[in-house]
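Working notes, structure below.
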Amino acid sequence: MLDGTEVAALLINKHTPLLKVSDVILVLNVFIFGVAAFVLGVQTALYSILTYVAASKTLDFLLNGIEQYTGVTIISARSEAIREAITTNLGRGVTLYQGKRGFGKRGDRDLDMDIVFTVVTRLELPQLRTEVRRIDPQAFVIQHSIDDAEGGMVKKRPFH
């Protein structure tokens, strides 16, 4: 926790499930910094926002480390070449899912294809995306943050 807004957001979220906790925190902080801008002046409020963002990012780095994990799903007709590049060039493990195409621009449907999934660190992500674009510029790439992963070929985080 960075400040007390998380507690207030959890209480509000319990009574209003329409809003996510992060949305409530954002609204509360906008209100707090708006009042600060009115009472203390815009420049002081902007410094407060900058301090809040810096403290929040520092806390993220302390809790998660700089090498945050990212899950990447790649859907491509060239999935075998992409799998080979990830395992050989990047030294990362992959999982292949068997999938079927839906409706594509070319009108093709129900075609079997492999879907590539891998977990990389945030620092390895640009190299992965470059490899995928080099092999298949039309590949559909989905990436999402992963809070924690262990086992397999996942790079071990340093203990801190």
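Assess whether residue 58 counts as being open to solvent by less than 80 Å² (accessible area, probe 1.4 Å), at pLDDT 90 or above and not small (Gly, Ala, Ser). Here the answer is no, as residue 58 does not meet what is asked. Being among the charged types (D, E, K, R), modelled with pLDDT under 70 and open to solvent by less than 50 Å² (accessible area, probe 1.4 Å) is a condition met by at least one residue of the range 61-72. Of all residues in the range 10-27, those being at pLDDT 70 or above and in contact with an Asp or Glu (Cβ under 8 Å, 6 or more places away or on another chain) number 1.
The values are calculated or read from the model by the stated rules, or taken from the named source; none is laboratory data. Please read these numbers as outputs of a predicted model, since none were measured by experiment. We place every Cβ from the backbone using ideal geometry, glycine too, and count neighbours over all the protein chains shown. Areas reflect the complete protein model, heavy atoms only, side chains present, ligands, DNA and RNA absent. Shrake-Rupley method; radii C 1.70, N 1.55, O 1.52, S 1.80 Å.
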